[in-house]
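Bear in mind these aren't lab numbers, they're just calculated from the coordinates by the rules spelled out. All values derive from a computational prediction rather than experimental measurement. Note: ideal-geometry Cβ built from the backbone for every residue, glycine included; neighbour counts use all protein chains shown.
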Amino acid sequence: MRFPLLIAVSIVGTPDGSYSWRVLTCLLAMACLVENGAAPGPKAAAQRPAGSSYVQIIERYQQGDDDVLKLLTPLDAKAIESGEWALLKTLERVPPSRGVGLLHAALMAHTDAAIVGRIGPTLIQWYPHLAMAQRYAELLASNNQQDPVAARWWLIVIGAMHAQRNYAQAMTLVNRALKTSGERAEYIFAAGITNELAWAWKHDAGFPTPFSGSLDDAEKAYGRLLATNPGLIDPRVRLGRVRILRGNNGGAIQTLAEIPDTVEPVLAYLARLFEGDALERQGSVEEARKRYERAIRLVPQAQSARLALAFTEYQDGARADAAARVRDTAADRGAADDGDPWFWYAMGFGAVAQSELTALRALVRQ
């Protein structure tokens, strides 16, 4: 069963693609911000505040004043560099804890300015804001590799790239995060996901991409995490899926069978869905149906397991039953467009980018 095709039919479901814009507008806007080689829009008239004014903008942002984004967003690259110089000079005169707080606020202020610039009614040079945010993240990490704001910021931009399916840039960001903030488990996980999604996007979904991914590297990343902490569920689910893609259905079944139905329903659903897929590929159709039925019980509103079950019925010649199941699934108006765990699985870190952005914004303003 080709799950990407399933979801394209069952979740997106509208000929004009309107669902994609409803659900992914914010994530895709974020994704465009750091796209490799992206061309900025026409220059807006940029007022260049004195260095002290720039520092005041950052301080006001830190205090929760979003109105200052109207002042920060139009700044061009030269004005941003001037502000950076002023902020760094200020850091020499304030206590270290105050300096770190200002850097945290500046990191998020420029991230927000880039978002405002990218999705606003007037095209401006938004890319320098993201470049500046990255410089602040790297500066924070150079002083303290465990800096919590810098470490989490990378997850946001990696997630934005996953949402846009720009896996080449996502891999560049993963490698930069590993170099500047250390080999954290979340970056290793991001490396595995990026390789997995890139491979599936090119080989399973058939879309060309400059970075084709490596299932071998994905499997090594997930295995590395599980070797350190065997109780992790997310990497185990993805390891099972990667083994299916590599044709190791027996290994996938063994890996996924270790995940009980008592874990978080979304993860248990995916484990049963993928387990059913592996069994179906092995020819064990009856056992596959049992796994799909268990997945349906775990997340009744989701669509992929219901359609996978219908597909097995269709293959067995029970076409009337299969058609009825598809009609019932399509007619279920109580199911949210993004209510299927497979949808979020295919988004990678894009599934958490927006929530991470919100949480990190609140953290720097404490």
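Observations on the model:
- Coupling constants for segment 82-91 follow from the phi torsions by the Karplus curve (6.51 cos²θ - 1.76 cosθ + 1.60, θ = phi - 60°), and in residue order they are 5, x, 4, 4, 5, 5, 5, 5, 5, 4 Hz; glycine and proline get x.
- Residue-by-residue Karplus 3J(HN,Hα) for segment 107-114, coefficients 6.51, -1.76, 1.60, Hz, glycine and proline x: 4, 6, 4, 6, 4, 5, 4, 5
- Based on the Stokes-Einstein relation at 10 °C and a viscosity of 1.306 mPa s, and on the Kirkwood radius from alpha carbon pairs, segment 185-227 is assigned a translational diffusion coefficient of 155 µm²/s.
- For segment 233-247, backbone phi angles converted through the Karplus equation (6.51, -1.76, 1.60; θ = phi - 60°) give residue-by-residue couplings of 9, 4, x, 5, 4, 5, 4, x, 5, 5, 5, 5, 4, 8, x Hz, Gly and Pro being listed as x.
- In terms of surrounding Cβ atoms within a 10 Å radius of their Cβ, TYR127, TYR292, TYR136 rank from fewest to most as TYR127, TYR136, TYR292.
- Taking Lys and Arg as +1 and Asp and Glu as -1, the other residues whose beta-carbon sits under 12 Å from that of LYS70 total -3.
- Cα-based equivalent ellipsoid of segment 153-253: semi-axis lengths in Å, sorted from largest, via gyration tensor: 21, 19, 9
- Under 26 Å of direct C-alpha separation, and excluding same-chain neighbours fewer than eight residues apart, LYS220 reaches these lysines: LYS179, LYS202.
- Under the criterion of Cα pairs below 8 Å and six or more residues apart, the relative contact order for segment 222-331 equals 17 percent.
- Taking MET347, MET161 and counting other C-beta atoms within 10 Å, the order from fewest to most: MET347, MET161
- From least to most packed, judged by other beta carbons within 10 angstrom and beginning with the fewest, LYS220, LYS179 follow the order LYS179, LYS220.
- The Cα center of segment 272-286 and the Cα center of segment 157-220 differ in position by 27 Å.
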